Amino acid sequence: MSYAVGIDLGTTNSVISLWRKGSLETIEIDGRDAMPSVVSFRPDGKVLIGKAAKGILLSDPDNTLGSTKRDIGTNRTYTAGGKKLGPTDVAAMILERLVNIASQTTGVPIKEAVITVPAYFNEEQKAQTRRAGERAGLKVLRLLPEPTAAAIAYGLDKDRDQTIMVYDLGGGTFDVSILSIKQNNFTVRAVGGDSHLGGDDFDLAIVSWICEKIKAKSGKDILRDQSAQARLALQKLKEECEKAKVELSTAEVTEILVTDVMGQTVDEQLTLAEYNRLIGPLLQRTVVCVRKTLKDAGLTSEDINRVILVGGSTKNRAVRELVAKEIKPPYTADKVDLAVSHGAAIVAANSALPAVGNTDQKGLPPIEFKDVTAHTLSVDMYNAAGDLVCIPVIQRQTPFPCRGTALGATRRPYQEVVAFEVYRGEELEPSNNTKLGELALPLATPAAVEIYVACLFSLDHDGLLNFTAAEFPPDPDNILLFESMDASGSLDLSKVDALVRAGIVKTKTVTIRTT
């Protein structure tokens, strides 16, 4: 017998759950449902992960790493405990501890998992998350968008069809998704979000407010001071400001008291009104995302049957008031911090059940779900006016798995490679989008005549991007090419597939070269 688990790999905290004995179960770690996503390297070589590591963050911030999920998908490195690590390394360590504790608790090895990611994560962020899972010794069954996971946990076995919005504000990321639910079929209509917006930013807003007061009184600029003393002082302030934020979820005023902040004592009162003023611009960023996502879905607030709040930062009263004003009074999910891992556990059990033959997972309802991509993928080409513009290959809000194609051609005799620049973003001007890199499509048969090459973009069921070059044989009249087009002049992928199966069109997997 074995279990497949659902893991909410969070910026601030991580949670692991599974479906067992007919119900959902969250594995406790250090006596808590959620484990802090913090890793600390000790002088004796020991590595602490979770609650113990967070306890050391204040006393040894130089060798303790937290909130690294914000850097996943980048090349950022950290130095801690004399080691150089990237965000993928840290994520793998967190995942490994979660799985080890789950294995000890259940008494069976845990080898398979569904890991959640923000819906607004891009391809690199998803790829690094999958890599972290594999480094932790897991077979990653799916990368599941967090709002979709929350919707599954909320909407499972509900009797009525409905359209819901999931407003997911966690420690480091914000997602908004609109889904249609029919029985246990979950279809994402549109997604939006901000992968650098969450509770950490609320904490920093309070920290900045405190630091300005310290600067006015003493002239000491803690935020810009790079000394070890200033870094320790800043970490002390962050700890207390996080506590103040939590207290203001129920109180009208809180006191921030920190002794020995670079030789000074900080004693400030923070009212709920002042706190809401500080975080107001951050909350407005979520409003922009909500409105854009509604527009993408072709819906209005009246079309939304229910708004589901997910993520620890939605405990903030200002969030609930904002959502009520913008859409309608929200529903706060039961066990708001666990909803994402619960949805992932349901998907994990559904995905793994035939393979592991686990009869202990009785009562598991079958589900279906369909997600969409959050970003447009394009290539740059010259248009009829001679301007270099981004031509969409896969539009945002397209359900995946999906494919798209860009068509290029040689511009000189015996040219050996056709190249595309690939971009992510919604703008026509290439420089306003994110350049992913260059695709070099090698030609198997360079010729004197013009040769056409199609680049096939493919998003798999996790939204991970793959590329294939499809080369049309040299032909002065390009008959095969024209026969492969639809009425709009675009390549018909079903016709291209038929030519590939017949061995007429040659294909080759290609890798993007980052620049």
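The values are calculated or read from the model by the stated rules, or taken from the named source; none is laboratory data. These numbers come from a predicted model, not from an experiment. Heads up, the Cβs are rebuilt from the backbone with ideal geometry, glycines too, and the neighbour counts pull from every protein chain shown.
Please work out if T163 is touching a helix residue (DSSP H, G or I) at 6+ places or on another chain (Cβ under 9 Å), more than 18 Å from S341 (Cβ to Cβ) and not in a helix (DSSP H, G or I). Taking the combined requirement at face value, the residue satisfies it. Within the range 275-292, identify whether any single residue is among the hydroxyl-bearing types (S, T, Y), touching a Gly at 6+ places or on another chain (Cβ under 6 Å) and buried (at least 21 other Cβ atoms within 10 Å of the Cβ), and answer yes or no. No: zero hits.
Answer yes or no: is there a residue in the range 176-188 that is small (G, A, S), touching a residue at least 60 places away in the same chain (Cβ under 8 Å) and under 20 Å from K292 (Cβ atoms).
Start the filter on the range 176-188 by keeping residues that are small (G, A, S), which leaves 177, 180.
Pick out the ones that are also touching a residue at least 60 places away in the same chain (Cβ under 8 Å) and you get 177.
Filter once more, keeping what is under 20 Å from K292 (Cβ atoms): 177.
The answer is yes; a qualifying residue exists.
Yes/no matrix, rows are residues, columns are (1) outside any helix (DSSP H, G or I); (2) under 17 Å from D62 (Cβ atoms); (3) in the same structural domain as G170 (by TED's automatic domain parsing):
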{"site": "D203", "(1), (2), (3)": "no, no, no"}
{"site": "V207", "(1), (2), (3)": "no, no, no"}
{"site": "L223", "(1), (2), (3)": "yes, no, no"}
{"site": "Q226", "(1), (2), (3)": "yes, yes, no"}
{"site": "L232", "(1), (2), (3)": "no, yes, no"}
{"site": "K236", "(1), (2), (3)": "no, yes, no"}
{"site": "E239", "(1), (2), (3)": "no, yes, no"}
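Of the set (1) in the same structural domain as A344 (by TED's automatic domain parsing); (2) more than 30 Å from D161 (Cα to Cα); (3) in contact with a helix residue (DSSP H, G or I) (Cβ under 6 Å, 6 or more places away or on another chain), all apply to L322 but (2). In this structure, T398 does not qualify as surrounded by 21 or more Cβ atoms within 10 Å (Cβ to Cβ), of a type outside the set (K, R) and within 24 Å of D492 (Cα to Cα). Select from the range 35-56 the residues that are small (G, A, S) and either on the phi < 0 side of the Ramachandran plot or not assigned by TED's automatic domain parsing to the domain that holds N13 (or both) and list them in ascending order. Residues satisfying the conditions are S37, S40, A52, A53, G55. Consider the range 241-251 and keep the residues that are part of a helix (DSSP H, G or I) and among the aliphatic types (A, V, I, L, M). The one that is surrounded by the most Cβ atoms within 10 Å (Cβ to Cβ) is A244. If you go through the range 212-250 and pick out every residue that is basic (K, R) and touching a Pro at 6+ places or on another chain (Cβ under 7 Å), you end up with 1. Of the residues making up the range 169-199, those that are within 12 Å of the chain's Cα centre (by Cα) and of a type in the set (G, A, S) number 5.
Among the residues in the range 175-187, are any part of a loop (DSSP other than H, G, I, E, B) and not basic (K, R)? Working first, answer last.
Restricting attention to the range 175-187, the residues satisfying the condition of being part of a loop (DSSP other than H, G, I, E, B) are 183-184.
Within this subset, residues satisfying the condition of being not basic (K, R) are 183-184.
Looking for residues that are part of a loop (DSSP other than H, G, I, E, B) and not basic (K, R), one finds at least one in the range 175-187, hence yes.
Answer with yes or no whether L499 is assigned to a helix (DSSP H, G or I), touching a helix residue (DSSP H, G or I) at 6+ places or on another chain (Cβ under 9 Å) and surrounded by 17 or more Cβ atoms within 10 Å (Cβ to Cβ). I'd like the intermediate steps shown before the answer.
Working: assigned to a helix (DSSP H, G or I): yes; touching a helix residue (DSSP H, G or I) at 6+ places or on another chain (Cβ under 9 Å): yes; surrounded by 17 or more Cβ atoms within 10 Å (Cβ to Cβ): yes.
Yes; evaluated as a whole, the condition is true for this residue.
Picking from residues in the range 344-366 that are touching a strand residue (DSSP E or B) at 6+ places or on another chain (Cβ under 7 Å) and modelled with pLDDT of 85 or more, the one that is surrounded by the most Cβ atoms within 10 Å (Cβ to Cβ) is A344.
From the set of residues in the range 182-201 that are of a type in the set (A, V, I, L, M) and within 26 Å of F369 (Cα to Cα), which is surrounded by the most Cβ atoms within 10 Å (Cβ to Cβ)?
Initial filter on the range 182-201 (of a type in the set (A, V, I, L, M)): 188, 190-191, 197.
In the following step, the residues that additionally are within 26 Å of F369 (Cα to Cα) were identified as 188, 190-191.
Working: V188: 25, A190: 22, V191: 28.
Residue satisfying both the conditions and the ranking: V191.
Of all residue pairs spaced 6 or more apart or on separate chains, those with beta-carbon atoms under 7 Å, a first member in the range 352-375 that is within 29 Å of V191 (Cβ to Cβ) and part of a strand (DSSP E or B) and a second member that is of a type in the set (S, T, N, Q) and at pLDDT 55 or above are E368/N184; E368/N185; F369/T148; K370/T187; D371/T148; V372/Q397; V372/T398. The criterion of at least 1 residues that are more than 25 Å from K238 (Cβ to Cβ) and either among the acidic types (D, E) or modelled with pLDDT under 95 (or both) is met by the following strands (runs of 3 or more DSSP E) wholly inside the range 1-112: 3-8, 13-20, 23-26.
If you scan the range 385-401, which residues turn out to be part of a loop (DSSP other than H, G, I, E, B) and either closer than 18 Å to T293 by Cβ or not assigned by TED's automatic domain parsing to the domain that holds P430 (or both)? Please lay out each step first, then the result.
Start the filter on the range 385-401 by keeping residues that are part of a loop (DSSP other than H, G, I, E, B), which leaves 385-387, 395-398, 401.
Within the range 385-401, Q395, R396, Q397, T398 qualify.
Comparison of T259, T265, T254 shows that the only residue that is without any contact (Cβ under 8 Å) to a residue 24 or more places away in the chain, buried (at least 18 other Cβ atoms within 10 Å of the Cβ) and either part of a strand (DSSP E or B) or of a type in the set (A, V, I, L, M, F, W, C) (or both) is T254.
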